[in-house]
Amino acid sequence: MRVYIILLIISLPCLLFSFMEDDLALYFNLNNGKRTGLTGAPYLAYSSDSGVGAGVQIVYFDACLDSIKIDPFEIQLDASFTSEGERKLELDYTKELTLKKWSILAHLEYKKKPSDFWGIGSDTPEERQESYTQSQLITKIQLKKVFSPDFSAGPILQYFRYQMQETEDSLLLASGMIRGSENRYSLAGAGFVCDWNHTDFKPYPRKGYRFIFDNVFYLSDKSYKYHFYSANFDLRVYRPVLKQHILCAQILSQNTSDDPPFQLLPGQGGSAMMRGYPNRRFLEKQFISAQIEYRSPFWMKMGLAAYTAVGNSYRKFSDFEVNNTHLSYGLGFRLNISKSNMLNMRGDIAFSKEGREIYFKVGEAF
């Protein structure tokens with residue numbers, strides 16, 4: 001009953017906003033002739049592992065009609081907190097150097113979050129669950145050269161810093177047996193990304209496909225204690241079915257070499273892939289998954305979504321077992337905050353064999 005009361009409280013502001021005809025956005029005409037926009041909203045949030053929370057997302061963007069000639073940009077700020085002690089601040093900056101055919105993407109994230117750990121393996125039992133609190137600082141920079149309207153590629157630079165705040169005594173993380181459970185460490189990574197983006201509208205694709213391949217080599221800061229390679233394959237397909245009805249599909253493969261710290265192991269569960277399982281429920285060196293989502297308009301600024309996903313984790317290909325494939329499914333609603341920028345707030349309720357998970361987030365899962 002408590003969960004449904006929370007959902008009702010969170011849904012009321014969304015319902016009221018759906019009656020507004022205009023976007024929740026402000027526009028500014030600058031002295032140099034440029035036009036920019038400011039959109040976003042405060043939001044209430046809830047997920048089963050993070051508890052009730054609140055946050056604000058702000059997007060500052062280029063709103064010129066001829067922005068293709070003046071190198072458009074976008075800045076996103078997302079800050080939130082929850083009743084379970086999670087604190088998060090994310091800053092994203094995107095700049096298109098159109099005439100020079102380059103793009104810059106920068107991501108800065110700080111998060112302090114109580115989390116759960118079940119061990120490492122493709123089918124770890126629920127009874128092994130233990131809790132820990134950790135702070136993390138993540139910096140990512142991508143510089144991509146545009147070789148054609150659909151293809152861009154370039155280098156990636158990343159930096160991760162983790163600091164363990166608290167673990168449960170006499171359990172796996174406290175014993176130091178798990179790689180990454182030490183009090184503090186940091187990693188630097190370098191690699192490259194290739195991005196084939198043949199969609200009609202990047203912020204919210206309605207048709208087309210996108211394939212992203214990235215690979216990064218990581219080294220830690222203490223005598224190269226950690227050194228491993230990570231490669232990700234991400235294929236997304238969008239197909240219109242009826243007017244404003246979209247069928248979306250994603251296939252994701254995440255792969256690592258050697259023995260990474262548990263924080264960098266591919267994980268199942270969370271608000272993006274394998275919704276319905278707790279965040280990072282199953283951890284292993286390799287992970288492959290697929291999900292399908294159907295998006296449709298509903299009423300005013302509101303839309304509906306239905307989705308299902310399957311995923312399997314394994315240490316190496318010879319260890320792959322069909323019996324360890326997990327299934328999740330769910331329903332959700334969407335509230336359009338800015339039609340021009342296609343910024344949506346989403347609420348999802350997802351189910352798996354381990355129960356249900358509820359998410360309120362800004363932005364689509366994929």
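The values are calculated or read from the model by the stated rules, or taken from the named source; none is laboratory data. Just so you know, these numbers come straight off a predicted model, no measurement behind them. Note that we place each Cβ from the backbone using ideal geometry, even for glycine, and neighbour counts take in every protein chain shown. Quick note on the areas: whole protein, heavy atoms, side chains included, nothing else; ligands and nucleic acids left out. Shrake-Rupley method; radii C 1.70, N 1.55, O 1.52, S 1.80 Å.
Summary table below
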| read-out | value |
| --- | --- |
| When residues of region 273-297 are limited to those that are of a type in the set (S, T, Y) and within 17 Å of the chain's Cα centre (by Cα), the one surrounded by the fewest Cβ atoms within 10 Å (Cβ to Cβ) | S289 |
| Any hit, region 178-193, residues being free of Cβ contacts under 8 Å to residues at least 60 places away in the same chain and buried (at least 20 other Cβ atoms within 10 Å of the Cβ) | no |
| Matching residues, region 123-161, being in contact with a Gly (Cβ under 7 Å, 6 or more places away or on another chain), surrounded by 15 or more Cβ atoms within 10 Å (Cβ to Cβ) and not β-branched (V, I, T) | Q142, L143, K144, Q158 |
| Residues satisfying the stated conditions in region 96-110, i.e. touching a strand residue (DSSP E or B) at 6+ places or on another chain (Cβ under 8 Å) and open to solvent by 40 Å² or more (accessible area, probe 1.4 Å) | E96, L97, K101, W102, I104, L105, L108, Y110 |
| Positions within region 38-78 being open to solvent by 30 Å² or more (accessible area, probe 1.4 Å), modelled with pLDDT under 75 and in a loop (DSSP other than H, G, I, E, B), in sequence order | S48, D49, L65, D66, I70 |
| Only listed residue being over 30 Å from L99 (Cβ atoms), hydrophobic (A, V, I, L, M, F, W, C) and in contact with a Lys or Arg (Cβ under 9 Å, 6 or more places away or on another chain), chosen from M177, M164 | M164 |
| Residues that are open to solvent by 50 Å² or more (accessible area, probe 1.4 Å) and closer than 25 Å to V56 by Cβ, drawn from region 342-366 | K361 |
| Strands (runs of 3 or more DSSP E) contained in region 83-172 and holding at least 1 residues touching a helix residue (DSSP H, G or I) at 6+ places or on another chain (Cβ under 9 Å) and of a type in the set (S, T, N, Q) | 130-146, 151-167 |
| Flag for D234 being buried (at least 19 other Cβ atoms within 10 Å of the Cβ) and within 18 Å of the chain's Cα centre (by Cα) | no |
